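Each reported figure results from applying straightforward, stated rules to the coordinates on display, with no laboratory input. Keep in mind that this is a model prediction, so the values were computed, not measured. We place every Cβ from the backbone using ideal geometry, glycine too, and count neighbours over all the protein chains shown.
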Ligand code: MCN
């Protein structure tokens with residue numbers, strides 16, 4: 001890590017200018033993640049570790065047909081098997097008062113499709129859709145009995161490709177959407193874009209596929225449901241990124257009031273977006289637990305996760321960029337068909353509609369028009385996967401800019417520089433208002449760190465005959481949004497519990513929030529405990545996704561901590577017998593210079609706050625709750641540079657150098673930021689080079705295991721050099737922006753641009769992701785022929 005370039009003085013969590021650079025300041029320090037010891041030693045409790053007396057296990061019967069009418073479900077054999085407690089189908093749900101359909105947002109759609117039923121009603125629309133569930137005394141009996149359920153299908157024609165699905169001869173998944181289009185959206189100015197493209201000196205066009213990805217968290221989805229008949233309350237422990245969000249959705253699916261549901265998310269082995277939304281597994285476990293009045297666990301196998309956990313990405317795009325001779329970008333026109341799978345989950349059908357809002361990347365593009373369609377197909381539902389729309393948008397923008405640089409024979413960094421936005425706030429042609437940035441500084445620092453000029457000067461081929469290339473991608477990422485709760489509660493002994501409605505499943509909130517609160521209160525870092533993940537113990541929360549937690553949760557706990565500090569100052573004034581405005585607080589010690597030489601610790605004050613004889617006019621207690629709302633989006637940005645060597649004989653790509661420069665405003669914990677970037681880049685390289693879900697025409701998922709779906713392993717990921725600039729965000733007091741998804745946004749176009757640069761001497765202009773050896777070799781062969 002080199003020295004970071006700053007564009008402003010550092011922000012201060014405490015709100016006190018005089019402590020901003022204090023020697024003991026925690027914010028800005030790479031404090032070791034406190035959560036890692038338990039995770040590494042195997043001491044953390046994950047959902048599948050949870051045991052309860054009488055725990056029963058649920059296994060799904062899943063459809064092997066991708067599109068069929070369900071004619072009969074014969075459960076007799078399964079029901080008679082030893083240890084089987086119950087078998088559930090849609091008929092059981094229909095006979096109960098449970099709605100049994102996962103909530104779907106139809107706002108802004110072209111049609112009104114039904115939501116995903118917990119069990120198939122009369123039709124299945126993707127391979128792996130749950131048709132029935134068996135509950136048994138142990139998971140093996142449950143699995144065996146599920147295999148004994150016989151389902152009779154009348155198979156229907158299938159369609160898996162979104163462009164084919166729009167064709168007139170494609171089978172319709174829903175009567176409500178005869179053309180399979182769930183939603184159409186338009187962003188920007190069509191006429192202005194057409195006119196500018198017609199007027200531009202050059203137009204560059206690309207057909208791009210943003211490959212379908214299958215999220216691979218270490219821990220597949222799981223849930224344990226318990227029904228307390230006496231209390232009339234349901235508790236669901238599950239792999240959730242958003243405990244309160246899950247509570248709300250379970251409430252709709254089960255027809256129970258939210259007050260009767262408690263959702264607890266223990267340690268969660270990674271989420272990457274796909275544990276933010278609601279799936280049939282947790283609802284089925286709850287239905288069984290309520291019916292049987294005993295705890296029920298459902299834990300997906302890895303294969304089930306492949307087959308029926310939501311997938312990500314899957315865009316087909318045609319895009320055109322208009323550029324003048326001097327490199328000035330005039331306009332961008334984009335048309336995208338987004339595969340949304342067989343069902344909408346929550347707001348998933350609307351997601352493709354806002355992807356276009358980041359198409360401007362770092363550039364002042366005067367005219368942009370983007371038309372997006374969300375299309376039903378007989379494939380697993382698509383939902384958010386790390387980046388969720390931003391990687392798709394940035395891939396379009398940065399591949400086009402790369403292609404334009406080639407066409408105009410301008411250095412790709414120089415072409416970007418000529419078009420970078422320099423004034424902030426800046427409203428783009430697709431309606432995003434970038435809050436702050438220094439894009440040119442970020443570009444320069446990244447180029448310097450990578451040794452861009454030297455890399456560009458390399459010969460076309462190395463001694464081994466490999467083609468050498470260098471590529472880059474800039475990006476802008478919208479981060480944060482919405483409401484978050486943050487509670488700071490001081491205990492009588494001076495220790496502090498901080499809680500927030502976010503949920504950490506690898507991001508290190510326990511460390512980060514303690515750093516923020518520690519600075520404000522001056523309390524010993526180790527005396528601060530951070531709690532997340534229990535909807536009963538924490539006020540309403542929104543959850544962790546969209547790289548929002550540091551902005552929303554961080555500012556919520558900072559604001560609560562400031563309120564606690566102010567109240568503590570008043571208690572201290574009473575203890576010191578001094579006026580409140582004379583009391584100062586430094587490093588957790590209260591004093592009243594000029595009034596007394598005595599001092600009081602935070603623990604003295606906390607004890608007094610809960611003791612007898614609280615001063616007149618003051619309420620006892622020392623805690624505060626903040627519901628923080630982020631009004632304006634904070635836009636993270638950066639530049640990633642990649643150098644590659646491509647073997648034309650085998651198609652093997654060697655990433656020789658990877659430099660990631662990212663600017664997420666003030667960094668609470670630079671070490672965690674670097675870790676987040678590295679993790680994201682690894683996933684971005686996974687998308688660019690290895691991963692891609694493949695469906696057969698009949699809707700069979702061919703990549704349904706780790707044998708067939710290539711997740712990068714450690715030796716596939718090169719050393720990543722992380723660099724930073726720091727441009728505080730004016731949208732919040734901490735000056736922070738999110739970083740959790742940056743790597744997945746920047747890496748794919750940076751890698752593809754580098755490979756295309758390497759193969760430029762052969763005349764290769766584009767290779768679709770994933771850049772497998774087979775694909776690269778085929779592109780080389782085609783060019784040679
Ligand atoms: N941070 C910081 N200063 C900033 C911004 C962030 O110090 N200005 C640090 C903080 O330590 C914070 C962490 O970075 O805890 C991540 O912060 P943020 O960018 O706010 O992201 P979230 O905590 O909201 O995490 C969500 C984001 C998303 S959307 C996905 S998907 C994702 C990701 O984080 N999934 C992850 N990172 C992941 N990391 C792991 N290990 N596992 C996942 O499932």
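Numerical summary
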{"read-out": "Zone residues, the stretch 344-369, relative to residue 190, backbone N less than 18 Å from point 7 Å out along Cα-to-Cβ", "value": "353-354, 356-357, 367-369"}
{"read-out": "Whole-Å distance, taken between Cα centres, linking the stretch 368-426 and the stretch 34-91", "value": "41"}
{"read-out": "With 20 Å bins from 0: P(r) over the chain, alpha-carbon pairs, percent", "value": "16, 46, 31, 7, 0"}
{"read-out": "Spherically averaged projected area of the stretch 399-556 from its Cα convex hull (nm²)", "value": "14.5"}
{"read-out": "Cα convex hull volume per residue for the stretch 740-785 (Å³)", "value": "58"}
{"read-out": "Sorted by Cβ neighbour density within 10 Å, fewest at the top, the residues 246, 278", "value": "278, 246"}
{"read-out": "Debye intensity ratio in log₁₀ form over the Cα atoms of the stretch 720-759, taken at each q of 0.26, 0.29, 0.33 Å⁻¹", "value": "-0.96, -1.03, -1.09"}
{"read-out": "Percentage relative contact order, the chain, counting C-alpha pairs under 8 Å, at least six apart", "value": "16"}
{"read-out": "Residues 111, 585, sorted so that the one with the fewest Cβ neighbours within 10 Å comes first", "value": "111, 585"}
{"read-out": "Sites residue 147 and residue 632 - FRET efficiency at Förster radius 56 Å, r taken between beta-carbons, to 0.05", "value": "0.60"}
{"read-out": "Among beta bridges that DSSP assigns inside the chain, antiparallel share in %, nearest 5", "value": "80"}
{"read-out": "Cα-based Rg of the stretch 131-227 normalised by 2.2 N^0.38 Å, two decimals", "value": "1.88"}
{"read-out": "Per-peptide average of other Cβ atoms within 10 Å, ordering 663-676, 408-421 highest first", "value": "663-676, 408-421"}
{"read-out": "Per residue Cα convex hull volume in Å³ - calculated over the stretch 662-717", "value": "112"}
{"read-out": "Principal axis dimensions, the stretch 258-405 - Cα atoms, whole angstrom, descending", "value": "72, 31, 30"}
{"read-out": "P(r) histogram, all alpha-carbon pairs of the stretch 656-770 included - 10 Å bins from 0, percent", "value": "13, 34, 29, 18, 6, 0"}
{"read-out": "Packing-based ranking, highest mean first, of 571-578, 557-564 given that Cβ atoms within 10 Å are counted", "value": "557-564, 571-578"}
{"read-out": "Viscosity 0.692 mPa s, temperature 37 °C, Stokes-Einstein D of the stretch 165-288 from Kirkwood C-alpha radius, µm²/s", "value": "175"}
{"read-out": "Residue 493-residue 765 pseudo-label distance in nm [points 7 Å out on the Cα-to-Cβ vector]", "value": "7.0"}
{"read-out": "Size of the stretch 287-369 as Cα extents on the principal axes (Å, biggest first)", "value": "71, 22, 22"}
{"read-out": "Solvent-free Debye scattering, log10 I(q)/I(0), computed from the Cα coordinates of the stretch 511-553 at q = 0.17, 0.22 Å⁻¹", "value": "-0.56, -0.86"}
{"read-out": "The stretch 298-339 residues near the modelled residue 782 label - backbone nitrogen below 19 Å, point 7 Å along Cα→Cβ", "value": "315-320"}
{"read-out": "Rounded FRET efficiency, nearest 0.05, which uses the C-beta distance separating residue 107 from residue 258 and R0 of 22 Å", "value": "0.60"}
{"read-out": "Exposure proxy ranking, count of Cβ atoms within 10 Å, fewest first, for 434, 658, 635", "value": "434, 658, 635"}
{"read-out": "Normalised per residue, the volume of the convex hull around the Cα set of the stretch 598-668 (Å³)", "value": "252"}
{"read-out": "Length gained when the stretch residue 618-residue 601 is fully extended (0.36 nm per residue, less Cα-Cα span)", "value": "4.2 nm"}
{"read-out": "The stretch 449-537: antiparallel DSSP beta bridges as a percent of all, rounded to 5", "value": "60"}
{"read-out": "Convex hull projection area averaged over all views, the stretch 521-665, Cα basis, nm²", "value": "15.0"}
{"read-out": "Packing-based ranking, highest mean first, of 198-207, 721-730 given that Cβ atoms within 10 Å are counted", "value": "721-730, 198-207"}
{"read-out": "Pairs of alpha carbons in the stretch 60-107 whose separation is greater than 13 Å (percent)", "value": "71"}
{"read-out": "Along each principal axis, Cα extent of the stretch 332-476, largest first, Å", "value": "51, 43, 25"}
{"read-out": "Square roots of 5 times each gyration tensor eigenvalue, C-alpha, the stretch 540-596, largest first, Å", "value": "34, 10, 6"}
{"read-out": "Sequence-separation-based contact order of the stretch 27-156, relative, with Cα cut under 8 Å and 6+ spacing, percent", "value": "42"}
